[in-house]
Every structure is written in C-alpha cells, then in structure tokens.
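Asks: After the structure tokens below, expect a handful of questions from me.
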Ligand code: S3P
C-alpha cells in the first residue's frame, strides 16, 4: 500500500485513536526515529525507539553491545525488548533496521501490531547515514557497499510489512507522518476482520 497526499475529507488527526502499536521498519537512515516522533505527537501517543530501550536495558551503547556481546546477543535482546514493548499500551515504535528481518521478531510484530515500511532509495539512505557514526554494521572499509547489500537482501523482507510508505527527499517529517497515518487507515479499511490500528474518537 503506497502513500497518497492528504485529502480534505480525511478526519482530523486529533480525532484519531491508536488501538494497535504502529511499528516502523526499514533500513538505517529511512527516518524511522524522526518521522516516528512526529507521528506519535500527531496521534497523541508515546514514541519509543527500540535501540534506545536496548541501550538502557544493557547499560551500553549499540556499538559497545556489538563489540562486547556480539550481534547474536544484540538480536536476542532486541527481540525481547520489542516483545515487551508490544505488550504495553499502543504506541509508535521505531525499530532498528535489522529487527524486522529476524523471523521471531517479525512474527511477534505481525501478531500484535501494524508494521509500516519506510522505504527510501539507496542514495537517500546513504546521504543520511554517511556522516553519522554509531552504526556498527557500517563500520567497514566500504560502508556504502554494505548498505547496498543490506538494501538488496532486506527489501523483500521489509516488503512483508502491512503498509509501505515512500520517503522522498525534502519531504517534511509532518507530511511523512500524515502520509503514514492515512496509509494505515486505508490498510485498516481494507482489512475489516482485523483489529483496527487507528480508530476514530467518539464525539
Ligand atoms: C541495525 C540498525 C541500527 C541498530 C544496529 C543494527 C541494522 O538501527 O539497530 O546498529 O541491523 O540495520 P537504525 O536502523 O535505527 O540505524
């Protein structure tokens, strides 16, 4: 399901009630955290970033976790943190780029939440991550090639998300957040047998 511009007939964002957690997935640099914060404000719910939660639980930064415990331990902690967050009140949850790739994490997200892939071109992703350290997978001699390889391998898995929204260069966080809310409402409308993600507040 692809983004479309806001229409005058859409209900105001203030009238929307989040009934199911919205999980943002996609590669590093897609904008999951920045857009997610705006989306949470729009919907009047808590914003949570799974990487920050893992860092708080471990008392270490992501690079320190990768360096001292290794990636498998990080993935295990990531799955447990996300499972805990999914059991709490509906919120906007930004996940690290590898979370949705792990089958067990993906299954838990599919069972309890609505997933949104923020899709972006490799050029856009690279422009956003190239000067930002702190991503151990990109700590490599040719980080752009690593990102390109992750993009190629992971995109078919991200495509399993309930909703896909394209991140365009120059699009504001506000317009991205509104585009996601609109796309999720269309997804809900097309799946009436499923618990709704976004409801409308009673007058
Ligand atoms: C990772 C992405 C990072 C972080 C970790 C691993 C990945 O999160 O979880 O460095 O596997 O793509 P962001 O997508 O928020 O950068």
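Asks: What number of residues within the range 134-145 satisfy the criterion of being without any contact (Cβ under 8 Å) to a residue 60 or more places away in the chain and either within 9 Å of the ligand (Cβ to nearest atom) or part of a loop (DSSP other than H, G, I, E, B) (or both)?
Replies: Counting residues in the range 134-145 that are without any contact (Cβ under 8 Å) to a residue 60 or more places away in the chain and either within 9 Å of the ligand (Cβ to nearest atom) or part of a loop (DSSP other than H, G, I, E, B) (or both) gives 3.
Asks: Counting only residues that are assigned to a loop (DSSP other than H, G, I, E, B) and within 16 Å of residue 33 (Cβ to Cβ), how many does the range 113-131 have?
Replies: Looking only at that region, the number is 1.
Asks: Just one of the numbered conditions (1) modelled with pLDDT of 95 or more; (2) in contact with a helix residue (DSSP H, G or I) (Cβ under 7 Å, 6 or more places away or on another chain) is not true of residue 169; which one?
Replies: (1) is the only condition that residue 169 fails.
Asks: What helices (runs of 4 or more DSSP H), lying completely within the range 1-112, carry at least 3 residues that are within 17 Å of the chain's Cα centre (by Cα) and either modelled with pLDDT under 95 or crowded, with 17+ Cβ neighbours inside 10 Å (or both)?
Replies: The qualifying helices (runs of 4 or more DSSP H) are 32-43, 50-58, 71-86, 103-112.
Asks: Same structure again: Taking the condition closer than 26 Å to residue 126 by Cα and without any contact (Cβ under 8 Å) to a residue 60 or more places away in the chain, does residue 161 pass? Spell out the reasoning first.
Replies: Details: closer than 26 Å to residue 126 by Cα: yes; without any contact (Cβ under 8 Å) to a residue 60 or more places away in the chain: no.
No: the conditions fail for residue 161.
Asks: Okay, next question. Can you spot a residue in the range 146-157 that is over 14 Å from residue 32 (Cβ atoms), within 16 Å of the ligand (Cβ to nearest atom), in a loop (DSSP other than H, G, I, E, B) and touching a helix residue (DSSP H, G or I) at 6+ places or on another chain (Cβ under 6 Å)?
Replies: No, the conditions are met nowhere in the range 146-157.
The values are calculated or read from the model by the stated rules, or taken from the named source; none is laboratory data. Note that the structure is predicted; figures quoted are calculated from it, not measured. Reconstructed Cβ throughout: ideal geometry from the backbone, glycine too, with neighbour counts over all protein chains shown.
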